[in-house]
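K.L.:
Please read through the structure below; I'll follow up with questions.
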Amino acid sequence: MDRGSSRAAAFGALLAGVFVTFPSFLMPGVADGSGPRTTDLLNLFGAGLLVLAVLRSARLHPAIRGILLVWATTVPWVFMEIYALAGIPDPPVQRVLIRWILCGCSAYLVTVLAETPRLRLRLLYGLLIGVVLSLLTVLHDFLTFSPEDLPIDQLVDLAIYNGKDIHDFIYRAYGIFGHPNSAAGCVLVGVPVLIGAIEEGRAPRWSIVMALALMGATFYLTKSRGPLLISSALVGYWLWSHARGIRLPLVLAGAVTVLGILTIGGLGSDWGNGVLLERFLDAGSISVNASDRWWTIATSFNFMLQNPLGMGSAYVDPLEIATGTSATHNAYLELALMGGIPLMLLVAVRLARTAARVFTACRPVEAWLAAYLLGIFLFESYFLQVNILLMTFWLVVSPLRSFGRQTAPRARPPVRTRPRHQLAVRPATRDLIG
């Protein structure tokens, strides 16, 4: 490959990484926020490349077998979605099926880039750049929001949802992600990516400080607890397992850092009027929230058992009638209600298999990212986010090869040769003996 093609491939890998973690709007006018995103462009580009490779009879990457398996498991979802057209389908959820199928093509592309050594680093840089851009949209939302810009009915609903009086309104920013919990889950993807980059030797150890800063900033802007807890668990495990000699000091330093961030935000009058610590210490609000979530999860679980092959987008209306919300508050139940129990089990098992690599000597980015997704899926519905769809598909079909620190081959010991004067003496010695 010449220099020009090599540079184009490196830039393409970087751009692909950005599109994976930064699903910016292409058509901001769509009212429900589920319109085309930059990640959808990556899906279409990946589909075009895959079709071209098939037409040219090119040798495909082994990940294609996993993609075909996932697509085959998605067939019941397609039939249920067609059946849902006779009832009351939900358009945003209908788009999830289209995106899920197309994400298989872009997951193939991302897998190929991730397993190409000279392009893997560029892809990881792109993932981190996309995380930063996503965080900036949340920050912009936080800085530009004003309650006066909202209709009074929406303002009252938001205030009641957050458990605050309208005169003591606390805003939870969400940027381009539609909900603060979704925003926190998508932005904090940068934490497992950073940890994995450190494990692969592609980032220095002090980069863990950037992960802590990302966690603090995201929690301050979104006030979302679930992704923060999972990220803290990953950072704590890395601190405990990575530095053998100074485990306890590192763990304590990390805990003090996180508590310091929460304390500054929770106690300082200029840093949020105690709202950050209140997110963890307000037992009444937490109890009410947990009760509502458990009722929604239980109802979703009941629907799942009644419809083991899924309901497509038709699950939204009965769930909203029964619980008052269309969110399952659990991504596993969300996927099972849309695509069926077999698809959910396949995704969960493959993610668990990938995440299990964090307990081995070789711990690539994919392992940390899978462990992160396994955790946050317990707390919220995430499959309406196209970037989460793509990352899930990628991790499900990834062959899990080793991408650790590249080490030089072991040098062979030098061949010991007899000195020249000894070689010259040997014939004379034989003559004397003879």
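The values are calculated or read from the model by the stated rules, or taken from the named source; none is laboratory data. For clarity, every value in this text was computed on a predicted model and none was experimentally measured. Methodologically, a virtual Cβ is constructed for each residue, glycine included, from the backbone with ideal geometry; neighbour enumeration extends over all protein chains shown. The protein model used for the area step is the full one, side chains on, heavy atoms only, and it has no ligands, DNA or RNA in it. Shrake-Rupley method; radii C 1.70, N 1.55, O 1.52, S 1.80 Å.
K.L.:
Under 6 Å between Cβ atoms, which residue pairs at least 6 apart in sequence (or on different chains) link something in the stretch 283-304 that is buried (at least 16 other Cβ atoms within 10 Å of the Cβ) with a partner that is modelled with pLDDT of 80 or more and outside any helix (DSSP H, G or I)?
P.N.:
Listed pairs, sorted by first residue: 293/329; 296/329; 297/329; 297/330; 300/328.
K.L.:
Only one of these conditions is not met by residue 76: (1) over 30 Å from residue 196 (Cα atoms); (2) open to solvent by less than 10 Å² (accessible area, probe 1.4 Å). Which number is it?
P.N.:
(2)
K.L.:
To continue, here is another question. Any idea which of 207, 231 is assigned to a helix (DSSP H, G or I) and within 16 Å of residue 124 (Cβ to Cβ)?
P.N.:
Values: 231 fails: within 16 Å of residue 124 (Cβ to Cβ).
Just one listed residue meets the conditions, 207.
K.L.:
Which of the residues that make up the stretch 293-312 are of a type outside the set (A, V, I, L, M, F, W, C) and either part of a loop (DSSP other than H, G, I, E, B) or touching a strand residue (DSSP E or B) at 6+ places or on another chain (Cβ under 6 Å) (or both)? Quick ask: steps written out before the conclusion?
P.N.:
Here is the first cut: in the stretch 293-312, the residues of a type outside the set (A, V, I, L, M, F, W, C) are 293, 296, 299-300, 302, 306-308, 310, 312.
Of everything in the stretch 293-312, those that are of a type outside the set (A, V, I, L, M, F, W, C) and either part of a loop (DSSP other than H, G, I, E, B) or touching a strand residue (DSSP E or B) at 6+ places or on another chain (Cβ under 6 Å) (or both) turn out to be 307, 308, 310.
K.L.:
If you go through the stretch 74-99, how many residues are closer than 22 Å to residue 347 by Cβ and among the small types (Gly, Ala, Ser)?
P.N.:
1
K.L.:
Here's a follow-up. In the stretch 84-104, is there at least one residue being open to solvent by less than 20 Å² (accessible area, probe 1.4 Å), in contact with a Phe, Trp or Tyr (Cβ under 7 Å, 6 or more places away or on another chain) and over 23 Å from residue 317 (Cβ atoms)?
P.N.:
yes
K.L.:
Among residues belonging to the stretch 311-338 that are among the small types (Gly, Ala, Ser) and over 24 Å from the mean Cα position of the chain (by Cα), point out the one that is least open to solvent (accessible area, probe 1.4 Å). Show your work before the answer.
P.N.:
In the first step, residues of the stretch 311-338 are kept if they are among the small types (Gly, Ala, Ser); the result is 312-314, 322, 324, 326-327, 331, 336.
From what is left, the residues that are over 24 Å from the mean Cα position of the chain (by Cα) are 314, 322, 324.
Values: 314: 28, 322: 47, 324: 61 Å².
The residue in question is 314.
K.L.:
Starting from residues that are closer than 22 Å to residue 202 by Cα and not in a helix (DSSP H, G or I), keep the ones in the stretch 339-392 and report whichever is nearest to the chain's Cα centre (by Cα).
P.N.:
Within the stretch 339-392, the match that is nearest to the chain's Cα centre (by Cα) is 364.
K.L.:
(1) modelled with pLDDT of 60 or more; (2) over 21 Å from residue 130 (Cα atoms): which one isn't true of residue 191, the others all being true?
P.N.:
(2)
K.L.:
Taking the criterion of being among the acidic types (Asp, Glu), under 25 Å from residue 91 (Cβ atoms) and in contact (Cβ under 8 Å) with a residue 12 or more places away in the chain, would at least one residue in the stretch 365-372 satisfy it? Quick ask: steps written out before the conclusion?
P.N.:
Pass one, the stretch 365-372, residues among the acidic types (Asp, Glu): 366.
Those left that are additionally under 25 Å from residue 91 (Cβ atoms): none.
Scanning the stretch 365-372, I find no residue that is among the acidic types (Asp, Glu), under 25 Å from residue 91 (Cβ atoms) and in contact (Cβ under 8 Å) with a residue 12 or more places away in the chain, so the answer is no.
K.L.:
Moving on. Scan 155, 136 and give me the residue that is within 15 Å of residue 221 (Cβ to Cβ), of a type in the set (A, V, I, L, M, F, W, C) and either in a helix (DSSP H, G or I) or modelled with pLDDT of 90 or more (or both). Give the steps one after another, and end with the answer.
P.N.:
On the way: 155 fails: within 15 Å of residue 221 (Cβ to Cβ).
On inspection, the qualifying residue turns out to be 136.
K.L.:
Okay, next question. Which condition does residue 163 not pass, out of (1) on the phi > 0 side of the Ramachandran plot; (2) at pLDDT 85 or above, if it passes all the others?
P.N.:
For residue 163, the failing item is (2).
K.L.:
Kindly indicate which of 196, 236 is at pLDDT below 90 and open to solvent by less than 50 Å² (accessible area, probe 1.4 Å). Reasoning before the result, please.
P.N.:
Numbers: 196 fails: at pLDDT below 90.
Within the list 196, 236, the selection yields 236.
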